[in-house]
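Bear in mind that the values in this text are calculations on the coordinates, not laboratory data. These figures come from a predicted structure and were not determined experimentally. Using ideal geometry, Cβ is built from the backbone for each residue, glycine included, and neighbour counts are taken over all protein chains shown.
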Amino acid sequence: MIKAKPILKNKFWLVEDEGERIGTLSVNDDKFMLSDKSGTRFFDNEKQLKKKLGKDFLFDALEIKETLPAISEVHGYPTSNLPYNSMFDVKRKLPLFTKSEKSKSIYCAGYYVIRFDKGWVKSFCPKLITIERYGYKGPFKTEIEMRQELSRVNSK
C-alpha cells in the first residue's frame, strides 16, 4: 500500500510504499507535484494523482479543499490575480481591474513593454499609473507577442 505521510500540514508529504520512501509530494495552488525516481510530474487534482499511484494510495491527514479554477482574465487579456472590478478604458483601449473588491489601485491586464529612462522593459499587469507616466506598447495577450515587440523597439 502506498501512503503519503505529512511533513508540512496540507503542503508536503513523504510518499512511502510498504514503509520504504519512494518520493515526495507537494501541493501548490491546488496542483500536486510528485517527485520520485521517474522524475517530477504534476497533477491537477487528487483523483488524477490516485489514478497514477493506484487505488491503494492513501493520504494521512489530508484536508485539501478543491476549488473551481478562477478566471484570471479581463476582456480576453491574462491577469496576475483573480480580477475584481473589471472595466475597459475605451479611449486608450486598456483592460483594467483591481486585485480586491475595495482596492483603489488599478492594474492593466495583459503584457506590456514600458519605456523607462534606461530603456524598454517587459511588464505583466502593470499599474495603470505606470502606464500613464511612461511610454508603452500593448496590451498583448501572450508573452511571445510582448517579447517580439520588445525586440522590435530595442532594435530601433
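Placing +1 on the Cβ of each Lys and Arg and -1 on the Cβ of each Asp and Glu in the chain, which of Gly135, Gly76, Ile22 has its Cα farthest towards the positive end of the resulting dipole?
It is Gly135.
By its C-alpha gyration tensor, with a ≥ b ≥ c as the square roots of the eigenvalues, how is the stretch 2-59 shaped: rounded for a/c under 1.5, else prolate for a/b larger than b/c, else oblate?
Cα axes put the stretch 2-59 in the rounded bin.
Hey, what do the phi angles of the stretch 113-129 turn into as Karplus ³J(HN,Hα) couplings, whole Hz, using 6.51/-1.76/1.60 and θ = phi - 60°, x for Gly and Pro?
Per-residue couplings from phi come out as 10, 10, 9, 8, 4, 8, x, 7, 10, 7, 8, 10, 6, x, 5, 4, 4 Hz.
What is the antiparallel percent of DSSP beta bridges lying wholly in the chain, to the nearest 5?
Roughly 95 percent of the beta bridges in the chain run antiparallel, per DSSP.
Filter Lys11/Lys104; Lys31/Lys118; Lys11/Lys37; Lys31/Lys102 down to the pairs with a C-alpha to C-alpha distance above 27 Å, please.
Those over the limit are Lys11/Lys104; Lys31/Lys118; Lys31/Lys102.
Which GluC sites (Glu not before Pro) from the stretch 81-147 combine a DSSP loop assignment with at most 16 other Cβ atoms within 10 Å?
Here the GluC sites (Glu not before Pro) that fit, given the DSSP loop and packing criteria, are Glu101.
Can you give me the relative contact order of the chain as a percent, contacts being Cα pairs under 8 Å and 6 or more apart?
Relative contact order for the chain comes out at 13 percent.
Would you mind computing the Rg to Rh ratio of the chain from its alpha-carbon coordinates, Kirkwood style for Rh?
Taking Rg over the Kirkwood Rh, I get 1.16.
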